[in-house]
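Please read the structure below before turning to the comments.
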Amino acid sequence: MIPELSVEHLGDALGVGTATPRLSWKIAADPGWRQASYELEVDRGSGATRHLVHSDEQVLVPWPAEPLSSRERATVRVRVSAPDGDPSAWSAPLTVEAGLLDPLDWTATGIQPPWHEDHSDDDRRPPLFRHGFELDSDPRRARLYLTAHGLTEIEINGRRVGDDILAPGWTVYQDRLRTIVHDVTDHLVAGENAIGAWMADGWWRGRYGFDGGTLNIYGTDIALLAQLEVELEDGSVRVIGTNTDWVAHPSPIVKSSLYTGETFDAELVPDGWTQPGFDDSAWQAAKVAEFAPGTFVAPEGPPVRCTEELRPVDVRRTERGSVVLDFGQNFSGRLRVRAAAGVGERLVLRHAEVLQDGELYTRTLRDATSVDEYRGSTGSIDWEPRFTIHGFRYAEIEGYDGPLDRLDVVGRVYHSDMRRTGWLTTSHEGLNRLHENIRWSLRSNFVDIPMDCPQRDERLGWTGDIQVFTPTASFLYDCSGLLSSWLRDLSAEQKRFGTVPWYVPVIPGAPMWTPIQPAAVWGDAAVLTPWALWERFADRELLARQYPSAASWVDQVTRLAGPSRLWNTGMQLGDWLDPNAPPDDPALAVTDPYLVATAYFAWSAEKLADTAAALGHQADAERYHRLHLEIADAFTAEWGGDDRPLDDPTQTSLALAIAFGLLRDPARRAEAGDTLARLVREGGHRVGAGFAGVNLLSDALTATGHVETAFALLLEHGSPSWLSMVDKGATTIWERWDSLLDDLTVNPGNMTSFNHYALGSVADWMHRVIGGIEATAPGYRTVRIAPRPGPLGCASARFESAYGAITSDWTVVDGAFSLSVHLPTGVTGTVELPDGSAVAVGPGEHAFRTSVEAVPGVA
Ligand code: BGC
């Protein structure tokens, strides 16, 4: 038995941003084995220290040794012991290396181009920066620390450093600017070397945001700060930092925008500019740029990378002579185009999510036109844009007249390179496709921050969308690092603006297209997103760090609601995109927006009470729980009918009242469940909920004994429903239930995306109820395995928890329901069979069988 060690939420322990990184390990022991103690060995080069701790903890345990200093490396191993056993073997060693932890570690000077720029111009040509230098020996070790205003990609001696894109990502730059660390030992040689940086506007100064967007959001100048630290063979250290010895030149990327695309002129490439020996005498000395090292932070999650390449499933020539490609999958990324001949002087790449009448349909992109252009004269091409990204399934190439089979195009899929942790497949093909669509919308929209969509002129961190989707996302991928970072941004913006904004980062200085004011569902991300992450990953530090933000949100709503405990003032987005709302007014839902707001207020108060309890703040826990009860009573008094659970029952109002524990009288709650089931049945099992209720409907039905109605809702084909999207050929989740109308034309709404994850939040129910895997303690330390077969023949679910894989596989065959379950070392729980029986289980394999007659709802 060899434990498997990891650090923080990172796959790569180079450049960690804390002096005391937390450690976790998985153990694959015999069933019945239990950890009673662990021993960590920390070797920092000057002799190892060992730290024995009597504890059964194995997830995010505290750093046991002296804090690391900047740049310090330590090799860590762990071994574990049962109460009366010998220690296990040591884990494989893991090397942890701290980044630059102190702002004073930065000795380099930021640089920007020296030439005059017109800052009202969208198409300012970005700079290249370069520097040549000599090393007295081969490096023993070399690290490149860097950050930028704008986006950057580095080359050393003609070779790309790293494989991440859009560095340093998007954070609330005024407060938090990420720094990146690369191991560049292999890039450098004794003698002459050269380093070069490609740059682009990115979020820093590129036009961003809807309704025409805003230019120069964070600043007017692109700048680079890079510090190359090289340890030579004799042990001495050379630091080569950006300064005014570096030179600048206008880039062959003549324009680059995240929204509108990139234009690259191959004729303008200074050949060999990142190679040693290049003559840069015609380049201009760079000018000093100010950075604020006090704002520097290390990445907490993985960078954006290409995670997959898609080959087109269809390529055809249009009458106009252009080439239309179908990648068979909607995704976020861009094209790589290769051809040895036949390329005109301008090759233009267009992108779209859908075709209409065989043509790319781009109206829905609004101002994010997504056009890339390559200029050159050789007739050949091998090109991929560097600093832009698009959401698309189809592309059109203009300017290629060679044979189609000589055109080599791949769709490169880009998103934050998170580890996959969740799987679910069933006997139902449509459901499997739906689940894949949800996963693809997750991938497409987790591009450094949790975005609403990857294609049009938004791509903003809408708080409501991720609030409803976090439980799903955090089962399917390890998004702990990405969301941990984004929640810091949320807290920063909340402080700045006095409330939780509707999207984070806010676009500062922009004309306020949407006011910054409190709104339910969206603002509740401050409480509900950290809580969902706590359930999945058991990161107490994150929960504690977000607690002030969560509490100040609930406190603010408490003030707004006043003594009535009803939040019935101000603008609310409510049950956004309720399918009954008119296409041009998505907030005009059938459910009263103040009912939605009050229900969410109650739920956030309750989850805040749970958060306080988990953190040991007992008095707060009691206070917020009492608040929850008061809101619940106010809710029922205001909206409850004398003889009915709710005066105005809608799918969303009932789902909220049930799922958020607002009906304290069990008889009323049961009645609400019956009413909800009846409404759903009478509505032909079509979904009647938008963003505020869609993630709760299936749970509310299940919790009140109507799981078969929840299945009927999920398996309905008529629109609006999840499967109607699948039937219309969707490969991602749409923003609107009918982004494609029944006649397969595009919804005329000005806000129509084919890649929005919120309506995919039902997957959380699928994982817990069909797959049957549910956490009953943070991090899945204890679980409830309770799959419900409904009309399905089989399902197979897996969650790769911090302790290891939890699996649940079941079939219904020949009158028997059979279930096999696996729990990893460290996890215990209960298996509840669909016939109502329950068994306590521990780590290891378990098999169960029950006759189908005993299972309600099985077909
Ligand atoms: C976004 C959302 C968001 C909504 C709220 C839309 O434009 O795409 O998904 O939550 O606005 O106003």
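Odds and ends about this structure:
- Of the residues R781, R768, the single one that is under 21 Å from the mean Cα position of the chain (by Cα) and open to solvent by 10 Å² or more (accessible area, probe 1.4 Å) is R768.
- Exactly one residue among P720, P824, P791, P787 is open to solvent by 40 Å² or more (accessible area, probe 1.4 Å) and either under 30 Å from T675 (Cβ atoms) or out of contact with any His (no Cβ under 9 Å at 6 or more places or on another chain) (or both), and that residue is P791.
- Pairs with Cβ under 8 Å, 6+ apart, first in the stretch 277-301 and at positive phi, second surrounded by 18 or more Cβ atoms within 10 Å (Cβ to Cβ) and not β-branched (V, I, T): G277/G132; G277/A194
- Residue that is nearest to the ligand (Cβ to nearest atom), among those in the stretch 725-748 that are of a type in the set (G, A, S) and closer than 21 Å to F469 by Cβ: S739
- All strands (runs of 3 or more DSSP E) inside the stretch 749-846 with 1 or more residues being more than 16 Å from the ligand (Cβ to nearest atom), within 26 Å of T463 (Cβ to Cβ) and in contact with a strand residue (DSSP E or B) (Cβ under 8 Å, 6 or more places away or on another chain): 773-775, 794-801
- A526 meets the conditions (1) open to solvent by 10 Å² or more (accessible area, probe 1.4 Å); (2) closer than 24 Å to D575 by Cα; (3) among the hydrophobic types (A, V, I, L, M, F, W, C) in every case but one. The failed one is (1).
- The residues of the stretch 151-160 that are crowded, with 20+ Cβ neighbours inside 10 Å and over 12 Å from R386 (Cβ atoms) amount to a single one, I156.
- Put simply, of E638, E671 the only residue that is in contact with a Pro (Cβ under 6 Å, 6 or more places away or on another chain), surrounded by fewer than 23 Cβ atoms within 10 Å (Cβ to Cβ) and under 23 Å from Y600 (Cα atoms) is E671.
- Of the residues examined, D642 is not one that is among the charged types (D, E, K, R), closer than 25 Å to H685 by Cβ and part of a loop (DSSP other than H, G, I, E, B).
- Taking residues in the stretch 447-469 that are open to solvent by less than 10 Å² (accessible area, probe 1.4 Å), and partners anywhere that are near the ligand (Cβ under 8 Å from one of its atoms) and among the polar types (S, T, N, Q), the pairs with Cβ atoms closer than 7 Å and at least 6 places apart or on different chains are C453/S753; Q455/S753; R456/S753.
- Options A763, A710, A692, A700; residue that is over 26 Å from L833 (Cβ atoms) and crowded, with 23+ Cβ neighbours inside 10 Å: A692
- Residue in the stretch 554-574 that is hydrophobic (A, V, I, L, M, F, W, C), within 16 Å of the ligand (Cβ to nearest atom), assigned to a loop (DSSP other than H, G, I, E, B) and over 30 Å from V827 (Cα atoms) present: yes
- Extreme residue, farthest from the chain's Cα centre (by Cα), among residues of the stretch 192-202 that are crowded, with 24+ Cβ neighbours inside 10 Å and among the hydrophobic types (A, V, I, L, M, F, W, C): I195
- Count of the stretch 293-319 residues, restricted to those that are over 21 Å from the mean Cα position of the chain (by Cα), under 20 Å from W486 (Cα atoms) and not aromatic (F, W, Y), is 3.
- Residue list for the stretch 576-588, filter: open to solvent by less than 20 Å² (accessible area, probe 1.4 Å) and more than 12 Å from the ligand (Cβ to nearest atom): D578, A581
- Scan of the stretch 192-218 for residues that are more than 16 Å from the ligand (Cβ to nearest atom) and on the phi > 0 side of the Ramachandran plot, ordered by number: G202, N216
- Residue count for the stretch 221-251, restricted to those that are open to solvent by 10 Å² or more (accessible area, probe 1.4 Å) and within 10 Å of G150 (Cα to Cα): 1
- Counted as qualifying within the stretch 400-504 are the helices (runs of 4 or more DSSP H) with 3 or more residues that are within 16 Å of the ligand (Cβ to nearest atom) and within 11 Å of the chain's Cα centre (by Cα), namely 429-445, 463-476.
- Only one entry in A632, A597, A619 is out of contact with any strand residue (DSSP E or B) (no Cβ under 6 Å at 6 or more places or on another chain) and farther than 26 Å from G688 by Cα, namely A619.
- With respect to the conditions (1) under 21 Å from D478 (Cβ atoms); (2) open to solvent by 40 Å² or more (accessible area, probe 1.4 Å), L741 lacks only one, and its number is (1).
- Of all positions in the stretch 696-717, at least one carries a residue that is within 17 Å of T598 (Cα to Cα), in the same structural domain as V468 (by TED's automatic domain parsing) and modelled with pLDDT of 95 or more.
- Yes/no for R386 being outside any loop (DSSP other than H, G, I, E, B), open to solvent by 10 Å² or more (accessible area, probe 1.4 Å), within 30 Å of T171 (Cβ to Cβ) and more than 16 Å from the ligand (Cβ to nearest atom): no
- Identification of strands (runs of 3 or more DSSP E) wholly contained in the stretch 284-381 with 2 or more residues that are closer than 25 Å to E153 by Cβ, open to solvent by 10 Å² or more (accessible area, probe 1.4 Å) and of a type in the set (D, E, K, R) yields 304-310, 323-339, 343-352, 371-375.
- Of all residues in the stretch 389-399, those satisfying the criterion of being of a type outside the set (D, E, K, R) and in a strand (DSSP E or B) are H390, G391, F392, Y394, A395, I397, G399.
- Any hit, the stretch 397-405, residues being farther than 30 Å from Q356 by Cβ and surrounded by fewer than 22 Cβ atoms within 10 Å (Cβ to Cβ): no
- When each of V189, V184 is tested for being away from the ligand (no atom under 16 Å from the Cβ), over 35 Å from the mean Cα position of the chain (by Cα) and aliphatic (A, V, I, L, M), the lone residue that passes is V189.
- Total residues in the stretch 325-348, condition in contact (Cβ under 8 Å) with a residue 60 or more places away in the chain and closer than 20 Å to A368 by Cβ: 9
- Residues of the stretch 48-88 satisfying the condition of being open to solvent by 50 Å² or more (accessible area, probe 1.4 Å) and assigned to a loop (DSSP other than H, G, I, E, B): H54, D56, E57, P62, E66, P67, S69, R71, P83, D84, D86, P87
- Sub-6 Å Cβ pairs linking a first residue in the stretch 718-731 that is part of a loop (DSSP other than H, G, I, E, B) to a second residue that is at pLDDT 95 or above and among the basic types (K, R), at least 6 apart or interchain, are G718/R686; P720/R686; S721/R686, ordered by first then second residue.
The values are calculated or read from the model by the stated rules, or taken from the named source; none is laboratory data. No experiment lies behind these values; they were computed from the predicted model shown. Counting neighbours? That spans all protein chains shown, and the Cβs are built from the backbone with ideal geometry, glycine included. Heads up: the accessible areas ignore ligands, DNA and RNA and are worked out on the full protein's heavy atoms, side chains in. Shrake-Rupley method; radii C 1.70, N 1.55, O 1.52, S 1.80 Å.
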